[in-house]
1. Among residues belonging to the stretch 67-93 that are buried (at least 19 other Cβ atoms within 10 Å of the Cβ), in contact (Cβ under 8 Å) with a residue 60 or more places away in the chain and not in a loop (DSSP other than H, G, I, E, B), point out the one that is nearest to the chain's Cα centre (by Cα).
2. So, I146, is that one touching a residue at least 40 places away in the same chain (Cβ under 8 Å) and among the aliphatic types (A, V, I, L, M) or not?
3. Could you check the stretch 211-266 for strands (runs of 3 or more DSSP E) lying wholly inside it with 2 or more residues that are under 27 Å from the mean Cα position of the chain (by Cα) and of a type in the set (G, A, S)?
4. Out of all the residues in the stretch 130-173, which are part of a helix (DSSP H, G or I), open to solvent by 60 Å² or more (accessible area, probe 1.4 Å) and of a type in the set (D, E, K, R)?
5. Scan the stretch 142-162 for residues that are under 23 Å from the mean Cα position of the chain (by Cα) and among the polar types (S, T, N, Q) and jot them down.
6. Just give me the residues in the stretch 1-58 being among the aromatic types (F, W, Y) and assigned to a loop (DSSP other than H, G, I, E, B), in sequence order.
7. Could you give me the residue pairs with C-beta distances under 9 Å whose first residue belongs to the stretch 23-40 and is acidic (D, E), whose second residue is open to solvent by 50 Å² or more (accessible area, probe 1.4 Å) and part of a strand (DSSP E or B) wherever it lies, and which are 6+ apart or on separate chains?
8. Taking S215, is it of a type in the set (S, T, Y), open to solvent by 30 Å² or more (accessible area, probe 1.4 Å) and out of contact with any Asp or Glu (no Cβ under 9 Å at 6 or more places or on another chain)?
Amino acid sequence: KYEYLVDPKVDGVSASLRYENGLLRLGATRGDGRVGDDITTNIKTIRSVPLRLRGKDWPGALEVRGEVFWPRKAFDAHNARRVKEGEEPFANPRNATTGTLKSLDSKAIADRGLAFVAHGHGQIEGAEFETASEMFTALKSWGIPISPHQKICNDIDSVCQFVRDWDARRRDLDYETDGLVIKVNSLAQRDALGATSRYPRWCIAYKYAAEQAESVLRSVDFQVGKLGTITPRAVMEPVQLSGTIVRHASLHNFEQVQRLDVRIGD
């Protein structure tokens, strides 16, 4: 019998935080899954990330995995300032977050209002938990942000119901999310289920259908790659899509243009 922990899938940038004896020692991006970038200085500017764990009984070593994201309200306010100063607005929160974390100006990052939410763990030394939900309760008590929308489901029917209910609720959040992550709650069962070379057997992401919208093709421009490859790009009437203003879409290649029979004004 399985109990499930269901978590919103935040559309951000994956990062790991490492605490040693309660102090934040390292912030790193996921990179290729083995080696990532050291972003400790920039992570420390995110107000929701504690530099020192709160409370007591925290483990000697704690690695927290989660997502760095740009809340929509803060992102829109920053874009409004950019436009006012004559700069191009950022296209979407996720790509802008990636660029922000690579920035060398930590002060500028602090002003942007990025946030962090935990969704998993790596190494833990000096503390043991029976379930993931128990671990998240501990993380919250130590000051690490977790999703307030996490839900424990006692069976797969409850999971399916939550998936249906969440589709409407997710649009009211202050951040982008395109689905849910469904995980076995028992850590012992996770160990027993194990993993393949590509993914864990105790976890799966449920992604909702991509949002769609209609626009009008105004023109086509052409981008030249490093090897001289020419890619046609649609320039469209701006349209709101998943919280982002979309103006361009790749047409990939000239065969695709012919296949679609795409014309100016379509």
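The values are calculated or read from the model by the stated rules, or taken from the named source; none is laboratory data. These figures come from a predicted structure and were not determined experimentally. Backbone-built Cβ (ideal geometry, glycine too); neighbour counts: all protein chains shown. Areas reflect the complete protein model, heavy atoms only, side chains present, ligands, DNA and RNA absent. Shrake-Rupley method; radii C 1.70, N 1.55, O 1.52, S 1.80 Å.
1. F69
2. No: the conditions fail for I146.
3. 244-250
4. Result: E134, K140, D157, R164, D165, R169, R171, D172.
5. S147, Q150
6. Selection gives Y2, W58.
7. So the pair list comes out as D38/L26.
8. Answer is no for this residue.
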